Each structure stands twice: as C-alpha cells, then as structure tokens.
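Take a look at the structure below.
The values are calculated or read from the model by the stated rules, or taken from the named source; none is laboratory data. Model, not experiment: these values are computed from the prediction. Cβ: placed from backbone, ideal geometry, glycine included. Neighbour counts: every protein chain shown.
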Ligand code: MG
C-alpha cells in the first residue's frame, strides 16, 4: 500500500469527525435552551406604552379590570374616559381598588402623581399624597409625596412599608408624573405549606433603583390578608388623598 493511499482515508475520516463535532456543538445549545420569546417593545421614549405581552390593567379608558376590594364597582374618577393614556384619581373615602385578575411573579409598570393640594400638610407628613401599590394585595410599595418631606424612612415613597426604606429619594414634586417599574418574585412554599422562600422585590422609581431584590418579611399594614400562598391582585390604596394613576400594566413572569 502506498503512503498516499493510507493518508487519504485517514484525512477524510478526520474531516468527517471534525464536521460531526462541529455539528454537535451547533446543535446542542438549540436542544437545551429554548429560543427567547420575541416580543415587541414599547415605543422608544414612551415606556408607558405596554409591550406586546403585557396585561394592560389601566389605559385611561375604563375601570373594566378593577373592582373595589369588596367586589363592588370602583368609585374613583376617570379623568377623561375617552382618552387613552389619561389618568384615574383616587376618591378619598370610597375605598381601595383591586384588579380582578390575580398574579404571581410579575413585572409591574405604573405611573402616579401626588396632589399639589397636600403640600402644606407638613414637612414630616404621611398625609401628603399617600397611597400605595399593594403587590398581590398584601405587600405595599408606598406612594407618598416625598418631595422635601422627611417622614420616617421606611414610610417614604418607594419604601416597602415599615420593612425597607428606599435606597435613595428620587421623588419628583407633587403634580409631576412619576414611574414605578417593579419586579416581583412571589413567596414559595413546600408541599406541606411551609414557606421556603420569602417574596422578593426590585423597584425602579423614575428609572432609578430604590429596592434591590429586597426580601419581604410578610404582609405589610393594610394588606388584604395574611395568606401568602396564593396569587393576588394588584391593589391601589385609598389613604384619603387625591393621588392619580395612569398607564398600569403587568407582565407575568
Ligand atoms: Mg400608603
């Protein structure tokens, strides 16, 4: 057998083997990792426009997604029911409102404005633009006019009420629109009902990180209930102030 005849089959075998390895390397990740789902982002510079996979809870036109916490119709005010992107206003004394739909892990986008009329209520006050976003109806991300307002830190705007103060105070003045973008991981329980992981929350206030994966130790004051095992709706608090909300949407995670 000549050298040429010996080398040729070995070379072909090597090329084939290398090709098989290359194919395996290409194919393996595709089997193990599903492709990320393609979604359409909100419009640039308009974070209030919900991405395509969001559950839109309030777009300015109706309270269809909401009830009072006793299940009766919402009594808050629609500022301009015909205009998408317009606001709702809390009607003090009418009660907190809650989404009909319940959620577990989720991303929340919500915009709010505290009223100018409360600004003279004091420099260390809980009576200035007080409301709250209650995740699952049980964990309050505080809403307050914290602009030049030195109330107790774990009760300021962006606090997890009486559990975690915000990392910074990035509140805008009353009357100006502000945003919360919230990432929430629900509590976990084993088959026997024992809690194995606390809920966790990350909050961006006006685009700035103010809660960084904060551990929530349990339901906060004013919660709908103490049971943390089930999904829950999003509750917006009536704390006696004319706080406005607009552009509320959730992405289930
Ligand atoms: Mg509150």
### Query
Which of (1) farther than 28 Å from residue 232 by Cβ; (2) surrounded by fewer than 14 Cβ atoms within 10 Å (Cβ to Cβ) does residue 147 not meet, given it meets every other one?
(2)
### Query
So which of 132, 158 is part of a loop (DSSP other than H, G, I, E, B), within 13 Å of the ligand (Cβ to nearest atom) and touching a strand residue (DSSP E or B) at 6+ places or on another chain (Cβ under 6 Å)?
158
### Query
Scanning for something in contact with a strand residue (DSSP E or B) (Cβ under 8 Å, 6 or more places away or on another chain), part of a loop (DSSP other than H, G, I, E, B) and modelled with pLDDT under 95, does region 72-79 turn up at least one residue?
yes
### Message
Is it the case, given these coordinates, that residue 89 is within 14 Å of the chain's Cα centre (by Cα), within 18 Å of residue 69 (Cα to Cα) and surrounded by fewer than 22 Cβ atoms within 10 Å (Cβ to Cβ)?
### Response
no
### Query
So which of 125, 146, 86 ends up being more than 14 Å from the ligand (Cβ to nearest atom) and at pLDDT below 95?
86
### Task
Taking the options 112, 103, name whichever one is surrounded by 18 or more Cβ atoms within 10 Å (Cβ to Cβ), modelled with pLDDT of 95 or more and within 16 Å of the ligand (Cβ to nearest atom).
112
### Message
I'd like to check something: does region 175-198 contain any residue that is free of Cβ contacts under 8 Å to residues at least 60 places away in the same chain, under 21 Å from residue 216 (Cβ atoms), more than 16 Å from the ligand (Cβ to nearest atom) and surrounded by 18 or more Cβ atoms within 10 Å (Cβ to Cβ)?
### Response
yes
### Task
Given the conditions (1) within 16 Å of the ligand (Cβ to nearest atom); (2) touching a residue at least 40 places away in the same chain (Cβ under 8 Å); (3) surrounded by fewer than 21 Cβ atoms within 10 Å (Cβ to Cβ), report the number of the one that residue 137 does not fulfil.
(3)
### Task
Could you tell me which numbered condition residue 218 fails, if it satisfies all but one of (1) more than 15 Å from the ligand (Cβ to nearest atom); (2) in a loop (DSSP other than H, G, I, E, B); (3) surrounded by 21 or more Cβ atoms within 10 Å (Cβ to Cβ)?
(3)
### Summary
Flagged in region 47-69 as assigned to a loop (DSSP other than H, G, I, E, B) and more than 11 Å from residue 100 (Cα to Cα), in numbering order, are 47, 48, 49, 50, 51, 52, 53, 54, 59, 60, 61, 62
### Message
Looking at region 225-246, can you tell me whether even one residue there is crowded, with 18+ Cβ neighbours inside 10 Å and more than 24 Å from residue 74 (Cα to Cα)?
### Response
yes
